[in-house]
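Below: one structure, written as structure tokens.
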Amino acid sequence: MTLPFGSLKRLASLTVWLRSPKLLQRGSIIAALVVLGLSSYAPSATAKKATQPDEFPPNPLELKLADPLLPTATSDRPLTDQEQQTLRTALDELNAQATAQFRSGQLESAFEIWYRELRLRRALGLLEEVAALNRVGSIAWEENRTTDVRQISERLQAIQQQAQSSNNLELLRSLGQAYQQLRAKDLAVTVHEQTLAIVRQQQDLAAEASTLDTIGQLHVNWFSYNNAATTYQQLLTLVRNRGTLPGATPSRTLTETSLLQQLAYIYEQGKQPEPAIVVQQELINLYQAQDATQVPRLKLAIAANYQALGQLNQAIENYQATYLLAQSLQQFAHASEALKRLGELYQAQNELDKALHIYGFLVDVEAQSYNVYGRMNAYDKLGQIHTARKEYAQAVAAFQQGLTLAQQLNHQQDYFTKQIELANQPQPESQTNP
């Protein structure tokens, strides 16, 4: 190895110093080598690190590559209209080539072409670039290409930084849609909230309502029910003050009724029975003047929520009201459900007389709706309660009725036959009723 001139001088100085008896006595040759820096000829830590592959390769969307599709000498001026149209046509052709590769299963080739297209789209402005990132990002997500999703998301975030000071609503909305395609919920919400602040400042009520609806739906789709409830409560206040407003899509309108329905769903899904009851009662108040057929379903839900809260008297009251109203409206499915839940509640409270009474009504309701399976189950409930009360003759009669229906359905015959046999077995005298 040939040393440079400066290193030769240092080596000569070292030689003279090493001949010093004082230094030799101390045995400090290695220390001297370190002091004079000869160790610098060993490969440095920086050099070693440079030879190792990067944990994340450069984002291909940020590569500065010359491309024959770009006009020359355009760095200091925008493209002319003709140049933009020529470039747009060429990029559409690149997209078509990438799509053909994708459909033939050549994913790597397809994304290589798409990355070239996306880099060049930047020359046509941020709106066109974001639309293209949205299109390709959606494909990347569907194909579970996590690296591509990350790289596209990074570019969208860079664009978002540029858009923060511009108040460009069209660009912000486009960014929000692109984040939604990438399932980047938090980033999407952040952009839509920025949009919300702008439209509120502009006092654009229609845009405010549709933006709130978009944010609310994002929270619902990601099971963030507390945030969803807060958003839709704001929207409900807005609609109550201003009347019907457009929602997030052209076909969606926001009314007090539709928003209460949404909130009821959110509170039910979020396991929040108390606010759910409040909203469901508000809906009942609206429906009683508009469409009473919707009321039994809501009363049934209110009863269940009271039961979840342990407020059993209110639950019983609402189950009974549901049955009576549903029966009058010939909504036999709701009437049946109310009786089943009420019977189970009485059983759980060991109020068996009341449970027997309720299941007797249930048999009649199921007969009215020609629900053979429901009648069979109601007779089973009656048989079980009579057995628990050691009323074996009544239990046999109920199970026999259930068996007859089971035979019609060709279902559970063995079960009912077994229950009849058990009830007919001789019982110890101490267990029989007088």
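The values are calculated or read from the model by the stated rules, or taken from the named source; none is laboratory data. Keep in mind it's a predicted model, so treat the numbers as computed, not measured. All Cβ positions, glycine included, derive from the backbone under ideal geometry; neighbour counts span all protein chains shown. Remember, those area values only see protein heavy atoms, side chains included, never the ligands or the DNA or RNA. Shrake-Rupley method; radii C 1.70, N 1.55, O 1.52, S 1.80 Å.
Results for (1) buried (at least 21 other Cβ atoms within 10 Å of the Cβ); (2) of a type in the set (V, I, T); (3) more than 20 Å from P58 (Cα to Cα); (4) modelled with pLDDT under 95, shown as yes or no for each residue.
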{"position": "E142", "(1), (2), (3), (4)": "no, no, yes, no"}
{"position": "R145", "(1), (2), (3), (4)": "no, no, no, no"}
{"position": "L175", "(1), (2), (3), (4)": "yes, no, yes, no"}
{"position": "R200", "(1), (2), (3), (4)": "no, no, yes, no"}
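Does A209 meet the test of being in contact with a strand residue (DSSP E or B) (Cβ under 8 Å, 6 or more places away or on another chain), open to solvent by less than 10 Å² (accessible area, probe 1.4 Å), in contact (Cβ under 8 Å) with a residue 24 or more places away in the chain and within 25 Å of N134 (Cα to Cα)? It would help to see each step written out before you state the result.
On the way: in contact with a strand residue (DSSP E or B) (Cβ under 8 Å, 6 or more places away or on another chain): yes; open to solvent by less than 10 Å² (accessible area, probe 1.4 Å): yes; in contact (Cβ under 8 Å) with a residue 24 or more places away in the chain: yes; within 25 Å of N134 (Cα to Cα): yes.
The answer is yes for A209.
On the basis of being of a type in the set (G, A, S), modelled with pLDDT under 95 and either open to solvent by less than 70 Å² (accessible area, probe 1.4 Å) or in contact with a Lys or Arg (Cβ under 6 Å, 6 or more places away or on another chain) (or both), does A188 make the cut? Steps first, answer last, please.
Numbers: of a type in the set (G, A, S): yes; modelled with pLDDT under 95: no; either open to solvent by less than 70 Å² (accessible area, probe 1.4 Å) or in contact with a Lys or Arg (Cβ under 6 Å, 6 or more places away or on another chain) (or both): yes.
So A188 does not fit the description; no.
Taking the condition within 29 Å of A333 (Cβ to Cβ), buried (at least 17 other Cβ atoms within 10 Å of the Cβ) and at pLDDT 95 or above, does L238 pass? First the steps, then the outcome.
Working: within 29 Å of A333 (Cβ to Cβ): no; buried (at least 17 other Cβ atoms within 10 Å of the Cβ): yes; at pLDDT 95 or above: yes.
When the stated conditions are applied, L238 does not pass them.
Yes or no, residue by residue, for (1) of a type in the set (S, T, N, Q); (2) over 22 Å from A338 (Cα atoms); (3) surrounded by fewer than 18 Cβ atoms within 10 Å (Cβ to Cβ):
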position: I215; (1), (2), (3): no, yes, no
position: H219; (1), (2), (3): no, yes, no
position: W222; (1), (2), (3): no, yes, yes
position: T257; (1), (2), (3): yes, yes, yes
position: L260; (1), (2), (3): no, yes, no
position: V278; (1), (2), (3): no, no, yes
position: E282; (1), (2), (3): no, no, yes
position: V295; (1), (2), (3): no, no, no
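Which count do you get for residues in the range 296-330 that are farther than 19 Å from I266 by Cα and part of a helix (DSSP H, G or I)? Even if it seems obvious, please write down each step before you answer.
If we filter the range 296-330 for residues that are farther than 19 Å from I266 by Cα, which is where we start, we get 296, 310-330.
Remaining after also requiring part of a helix (DSSP H, G or I): 296, 312-328.
Result for the range 296-330: 18.
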